[in-house]
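Structure first, commentary second.
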Amino acid sequence: MGCGCTLTLTNSTVSGNSAGSLGGGVYNGGNLVLIHTLISGNTAPTAPEISQTTYPGYTATVDNFNLFGVNGNAGVVGFTLSPGGSDIVPAGGLSTILLPLALNSPGTTQTHALPIGSPAIDAVLSGCPPPGTDQRGITRPQGAACDIGAFELVPPVCGNGVVESGEQCEDLNTTSGDGCSATCQSEPPGGSCPVCGNETIEGIEACDDGNTEGGDGCSATCQIEVEPPTCPVCGNGTVEGIETCDDGNTVNGDCCSSVCQPEDLGTTTCGVGACSETVDKCVNGEPQACTPGTPGPELCNGIDDNCDGRNDIMGTEGFNVLTGTPGDDVLVGLGGPDVLNGQGGNDLLCGGAGLDICNGGPGTDTAIDCEVKLQVP
């Protein structure tokens, strides 16, 4: 502000702002009046919290239960804090003074809540109320005195079933030894303190959708949201809420069902012979590709090793006369005296035990364990 007017802030919180030179929180060129106001966590190379003009005729009126700066540094220029006055310069970091900006119930606008132990709590020793409420409409004071800033902390009530500021758990009682202590702090292993976000409804939880995010029907504290901002919409291509898949449609038979749950459509097989592979059609709601194996050279084993769809022609342990086709064949005689006729193509003739006659015929043929070889290189 640089109009030469008077800037008055009462029961306000100024945090998270920045400037390129000075006055990250407040840059004022006129009169300044601060009443019960918290200015902390702003940034600028000089005077990160407040830059107040020193031009003659303008004044800064403070010393009225305000809080300035972090880590023992008020972060102000243009006025001096009175030693022993009512204003506070906290020694701790920002997290001990304010919590991140959030929509804190029952408010309709975002506020910075006060953590348990914040120096701003019960620090306005006189002159409040008024105002009678904070930014959210919470009655002031809630403790022995009003809190500095726009937020009035409602002290947590252990055992009321709601995890509130300063509490780590809630099990609807104030009894220790059950995983959640008499002051609603998590106890060592052996208790039964519910864990929101683990997909298991425990203790006082009314729901658990595997996360700690609000707005999806189950709140950040695992309570059912009466009017969730958005409900899961199956078929929009985004996995939401209790959905475990979403393929952009509501059709069954494509691995993700019409209600966005995985389907079991059995298995599928691809390839032939030694290249045959069998896979599940669906995994976690996603269709799976089936890739045949790699063909190999033909062997005398009764298997389609080169994966051309032509099975080996097998004999028995006795006398056999095996005749191939005009194409490439594998003839396996096994035991006994056998006659193997390859016909056309490039054939593999496997005589086996016994006196075997292997007639390759046209083509480039290979004979193994054949006592008599005809038309075979």
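The values are calculated or read from the model by the stated rules, or taken from the named source; none is laboratory data. From a predicted model like this one, the values you see are computed outputs, not experimental measurements. We place every Cβ from the backbone using ideal geometry, glycine too, and count neighbours over all the protein chains shown. With ligands, DNA and RNA removed, areas are computed over all heavy atoms of the protein, side chains included. Shrake-Rupley method; radii C 1.70, N 1.55, O 1.52, S 1.80 Å.
Some points to look at:
- Couplings 3J(HN,Hα) for segment 136-149, derived from phi with the Karplus relation 6.51 cos²θ - 1.76 cosθ + 1.60 (θ = phi - 60°), are 8, x, 6, 5, 9, x, 9, x, 5, 8, 5, 8, 6, x Hz, where x marks Gly and Pro.
- Coupling constants for segment 14-26 follow from the phi torsions by the Karplus curve (6.51 cos²θ - 1.76 cosθ + 1.60, θ = phi - 60°), and in residue order they are 10, 7, x, 9, 8, 9, x, 10, 8, x, x, x, 9 Hz; glycine and proline get x.
- Carbon and sulfur %, accessible surface of segment 269-377 computed with the full protein complex present, 1.4 Å: 55
- Over all distinct Cα-Cα pairs of the chain, the Kirkwood formula returns a hydrodynamic radius of 28.6 Å.
- Over segment 21-145, the pair-distance histogram of Cα-Cα distances with 10 Å bins from zero comes to 13, 40, 37, 10, 0 percent, rounded to whole numbers.
- Placing one equal scatterer on every Cα of segment 135-270 and applying the Debye formula, the log10 ratio I(q)/I(0) at q = 0.10, 0.13, 0.21 Å⁻¹ is -0.52, -0.74, -1.16.
- Extension gain for the segment V259 to V321, taken as residue separation times 0.36 nm less the Cα-Cα distance, is 16.2 nm to one decimal.
- HN-Hα J in Hz across segment 247-263 - Karplus 6.51, -1.76, 1.60, θ = phi - 60°, x for Gly and Pro: 9, x, 8, 10, 9, 7, x, 10, 5, 10, 6, 5, 10, 6, 10, x, 10
- The calculated FRET efficiency for the pair V283 and T250, based on their C-beta separation and a Förster distance of 25 Å, comes to about 0.75.
- Span from the segment 277-332 Cα centroid across to the segment 37-74 one, whole angstrom: 84
- Where GluC sites (Glu not before Pro) fall in DSSP loop in segment 262-337, at most 13 other Cβ within 10 Å: E317
- Paired Rg and Dmax values of segment 54-122, which use every Cα atom, in angstrom: 14.6, 45
- Ordering 64-74, 169-179 by mean Cβ neighbour count within 10 Å, with the highest value first, yields 64-74, 169-179.
- Accessible surface for the chain, divided over its residues, is 50 Å² per residue with a 1.4 Å probe.
- Surface/4 of the Cα convex hull for segment 88-187, nm²: 7.0
- Full-stretch length increase - T268, N198 - with 0.36 nm per residue and alpha-carbon distance subtracted: 21.8 nm
- Y55/Q168 FRET efficiency (R0 51 Å; Cβ-Cβ; nearest 0.05): 0.50
- Kirkwood Rh and Cα Rg combined as Rg/Rh, segment 244-349: 1.29
- Carbon + sulfur, % of accessible area of segment 72-118 - ligands and nucleic acids excluded, 1.4 Å: 59
- Amide H partners (placed H, <5 Å) of D356, local residues excluded: D338, E371, V372
- Coarse-grained scattering of segment 242-284 at q = 0.19, 0.31, 0.32 Å⁻¹, given as base-10 log I(q)/I(0) from a Debye sum over alpha-carbon atoms: -0.58, -1.01, -1.05
- Near A60, the amide H atoms lying under 5 Å from its own belong to L32; only residues 5 or more places off or on other chains count, and H is placed 1.01 Å from N.
- Residues whose placed amide H lies under 5 Å from that of L67, excluding near-sequence neighbours: T37, L38, I39, I88
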